[in-house]
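Before any comments, here is the structure.
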Protein chains: 2
Amino acid sequence: MGDESRSATDQKTAIAPMLSVRSGARAIEFYKAAFGASESFRIENESGEVVARLSVGEAEFWLADESPEHLNFSPESLGGGSVRMVMTVNDPDAAFEQAVKAGATVVWPVENQPYGWRVGRVVDPFGHHWEIGKPLGRVSV
Amino acid sequence: MGDESRSATDQKTAIAPMLSVRSGARAIEFYKAAFGASESFRIENESGEVVARLSVGEAEFWLADESPEHLNFSPESLGGGSVRMVMTVNDPDAAFEQAVKAGATVVWPVENQPYGWRVGRVVDPFGHHWEIGKPLGRVSV
């Protein structure tokens, strides 16, 4: 909708991560529960493999079923992740708790860090890591 | 600056990828040349390992030297990537060409895709994949 009404010459630069996962359809449901994500786009092939764009507030990310033939590997296939997601939110403690309740695993809890962020880290059931936090600004360190 | 002047309660939700790389300092120079990135934050330890935040227009991403002991692996260590970056720009052809000139390798060239984007894919010298494109909107498919 936004794309269709936009002229060809006013595209703002954006960078959105595209997470490779096993069980993409299940992953969409997880991210809805864990982050309150909403689904703004989904295509699905006859095998049930998906490509989807999800929004969390004004932030966007993509996920897709892995396709090693196209060099898209899940963390499960690789035995780890090459990119982690830094999710900045207004209430890191609440967001972190919601993610863990939905099935994410705590890597380290939300704490004030010496570099001026209040932040914790989880790994989701699909092997992707998320640092959930916010800059402390003037408030406290 | 922005962070310090912001109150504790008006943090917008944002998701920024943090790329694990070997040779973080070299990677910063590559992304400046390839994407016209500017460096908004860098910390460096006594071994020369960095954590940096880079901006491309209004888009932001992070990079850091890999630290397998903290579960942060480069694509080189894993033999692939678990997340690729979707970079939306106003002129995909020009942005793609600049990245390739700076040392990225073409995975597939910029072309109009049936899903309504003009997009190509490169892999950078550190093993991260970037899809550089834009939605075609009404213009042409």
What would the Debye equation give as log₁₀ I(q)/I(0) for the protein assembly as shown at q = 0.08, 0.09, 0.11 Å⁻¹, counting only Cα atoms as equal point scatterers? -0.32, -0.40, -0.62
Counting pairs of alpha carbon atoms under 8 Å apart in space and at least six apart in sequence, what relative contact order in percent does segment B:36-109 give? 15
Distance from segment B:58-123 to segment A:50-121 (C-alpha centre basis), Å: 19
Label point 7 Å beyond Cα along the C-beta direction, distances from A:Lys12 to other copies (nm, shortest first): 0.6
Relative contact order for chain B using alpha-carbon pairs under 8 Å, separation at least 6, rounded to a whole percent? 21
Quickly rank B:59-71, A:46-58, B:37-49 as a protection proxy: mean count of other C-beta atoms within 10 Å, highest first. B:59-71, A:46-58, B:37-49
If each label sits 7 angstrom from Cα along the C-beta direction, how far apart, in nm, is A:Ala25 from its counterparts in the other copies? 5.1
Total formal charge among the other residues, if their Cβ is under 15 angstrom from that of A:Arg121, Lys/Arg +1 and Asp/Glu -1: -3
Inter-copy spacing of B:Gly48 label points, which lie 7 Å from Cα along Cα→Cβ, given in nm from shortest upward: 5.0
If you take each beta carbon of peptide A:68-80 and count the beta carbons of other chains within 10 angstrom, what is the mean? 5
Sequence-distant residues sharing a close amide H with B:Gln113 (under 5 Å, placed H): B:Arg118, B:Val119
Amide H of A:Glu60 versus every other amide H placed in the peptide plane: which residues, excluding those fewer than 5 positions away on the same chain, fall under 5 Å? B:Ile15
Using the Cα gyration tensor of chain A, with a ≥ b ≥ c the square roots of its eigenvalues, what is the shape: rounded (a/c below 1.5), prolate (a/b larger than b/c) or oblate (neither)? oblate
³J(HN,Hα), Karplus 6.51/-1.76/1.60, whole Hz, each residue of segment A:73-89, x for Gly, Pro: 10, 6, x, 5, 6, 8, x, x, x, 9, 9, 10, 9, 9, 9, 9, 9
If each DSSP helix of 4+ residues adds -39,500 (n - 2.57) and the sum is divided by the residues in chain B, what number results at 222 nm, nearest 500 deg cm²/dmol? -5500 deg cm²/dmol
Kindly work out what percent of the DSSP beta bridges joining two residues of segment A:8-135 are antiparallel, to the nearest 5. 75
Phi-based couplings in Hz for segment A:10-23 (Karplus 6.51, -1.76, 1.60; Gly and Pro marked x): 10, 6, 6, 5, 9, 10, 10, x, 10, 8, 8, 9, 8, 6
Among A:Ala94, A:Gly116, A:Gly133, whose Cα lies farthest out toward the positive end of the dipole of segment A:77-141, if unit charges sit on the beta carbon of Lys, Arg (+1) and Asp, Glu (-1)? A:Gly116
Which whole number in µm²/s is D for segment A:8-83 by Stokes-Einstein, with the Kirkwood Rh taken over Cα pairs at 25 °C and 0.890 mPa s? 185
Cα centre as origin, Lys/Arg/Asp/Glu Cβ charges: chain B dipole, Debye: 560
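A short reminder: the numbers here are calculations on the coordinates, not readings from a lab. Because the structure is a prediction, the values reported are computed rather than measured. Counting neighbours? That spans all protein chains shown, and the Cβs are built from the backbone with ideal geometry, glycine included.
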